[in-house]
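Q: Supplied in structure tokens, the structure appears directly below.
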Amino acid sequence: MTAADNKPKHKPTTKKKNNSKDQLLIAASTILTERNAIDISLSDIAEASGLNSALIKYHFGNKEGLLLALVARDAASTLGLLDQLLAMHVSPAQKVRLHVAGVVKTYAKYPYLNRLIHTLMDSKDPIVAEEMVNFFVKPLLESQTKILEEGLQAGIFHKIDPMMFYYSVIGACDYIFYARHSRKIVTGNTELTPELRDKYINFVADTILKTLCIEKETEKLATP
């Protein structure tokens, strides 16, 4: 018997098993991005990942569990960056601008994210909806509220309803991705170039800040 014969023969299989959860999430993310839709089946995910669909049930319980894990994965980095933003020593207006940029860039990376969040919140399973609110909506709303309060205390912002701010910011940041097909009809191109993305960030941020800022502060809006 040679030294090679003594080597464990199960390592490749173990490695594949350890990576299968990530492979399934990557496959689902890729399909949702390419389709610009949130319709997806277990067989779609299994085929794209090269794995057996039984692994979806093993890791996530069902398709909804996989999609919930996908949102948690995609949103984690965004919420982490938002925590860093709150700690920055910049004006509340600049925090709003940076927040808008962060949301748009997150949707550029995961264009399906906002629609998937709202689909899961409409789940027939109340636990799924509650988890979505607890690990994404509440932390995001709380962080936005802190920025609004900071601007109000500094005498920079009007008093704004945080929920109205949340709906306006998230909706505006998402729509340019949702409107990919209409953008093709109007411009002849579905691609969201970095130039168009940055132009949209500035437009959305400027529009929101002009609503937020009191009149004497309008001319002092933070620039990118």
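Q: Report relative contact order for the chain in percent, whole number only (criteria: Cα-Cα under 8 Å, sequence separation at least 6).
A: 20 percent
Q: Right, next: Taking R0 as 25 Å, what's the FRET efficiency between Gln153 and Glu215 from their Cβ-Cβ distance, rounded to 0.05?
A: For R0 = 25 Å, the calculated efficiency reads 0.90.
Q: For region 66-101 and region 155-185, what is the centre-to-centre distance using only Cα atoms, to the nearest Å?
A: 15 Å
Q: P(r) of region 66-151 in 5 Å steps, Cα pairs, percent per bin?
A: Histogramming region 66-151 at 5 Å steps yields 3, 14, 25, 23, 17, 11, 6, 2, 0 percent.
Q: Next question. List the residue ranges in the chain for DSSP H helices whose C-alpha atoms run 15 angstrom or more along the long axis and whose Kyte-Doolittle average is -1.0 or above.
A: 11-35, 63-87, 92-109, 138-153, 162-178, 194-212
Q: Okay, next question. Which shape class applies to region 88-200: rounded if a/c is under 1.5, otherwise prolate when a/b exceeds b/c and oblate if not, where a ≥ b ≥ c are the square roots of the Cα gyration tensor eigenvalues? Don't skip to the answer; put the middle values down first.
A: Details: a/c = 2.39, a/b = 1.16, b/c = 2.06.
Here region 88-200 falls in the oblate category.
Q: Going 7 Å from the Cα of Arg180 along its beta-carbon direction, which residues of region 35-50 have the amide nitrogen within less than 20 Å of the resulting point?
A: Inside the label zone: 35-49.
Q: Moving to a separate point now. Using just the helices of the chain, give the 222 nm mean residue ellipticity in deg cm²/dmol: DSSP H runs with n ≥ 4 each add -39,500 (n - 2.57), and the total is spread over all residues, rounded to 500.
A: -23000 deg cm²/dmol
Q: Once you have the Cα-Cα distance between Leu42 and Lys109, take 0.36 nm times their residue separation minus that, and quote the gain in nm to one decimal.
A: 21.9 nm
Q: Which FRET efficiency value, to the nearest 0.05, do you get for Glu191 and Leu81 by plugging their Cβ-Cβ distance into 1/(1 + (r/R0)^6) with R0 = 25 Å?
A: E between Glu191 and Leu81, to the nearest 0.05, is 0.50.
Q: Are there trypsin sites (Lys or Arg not before Pro) in region 138-190 that DSSP puts in a loop and that have at most 11 other Cβ atoms within 10 Å, and which ones?
A: Details: sites: Lys146, Lys159, Arg180, Arg183, Lys184; in loops: Lys159.
When the trypsin sites (Lys or Arg not before Pro) of region 138-190 are filtered for loop state and at most 11 Cβ neighbours within 10 Å, Lys159 remain.
Q: Follow-up question, since we're still on this one. Asn19 to Tyr58: extension gain in nm, 0.36 nm per residue of separation minus the Cα-Cα distance? If you can, show how the numbers build up before the last one.
A: Working: separation 39, 0.36 × 39 = 14.04 nm, distance 1.32 nm.
Between Asn19 and Tyr58, full extension yields an extra 12.7 nm.
Q: Separate question: Give the aspartates and glutamates whose C-alpha is closer than 13 Å to that of Lys105, dropping any in the same chain fewer than 8 places away, or say none.
A: Asp74, Asp174, Glu195, Asp198
Q: Quick one: divide the alpha-carbon radius of gyration of the chain by 2.2 N^0.38 Å and tell me what you get.
A: Output field value: 1.25.
None of the figures in this text is laboratory data; all of them are computed from the coordinates on show. Quick caveat: nothing in here was measured; it's all calculated off a predicted structure. Here Cβ is always computed from backbone atoms with ideal geometry, including for glycine, and neighbour counts include all displayed protein chains.
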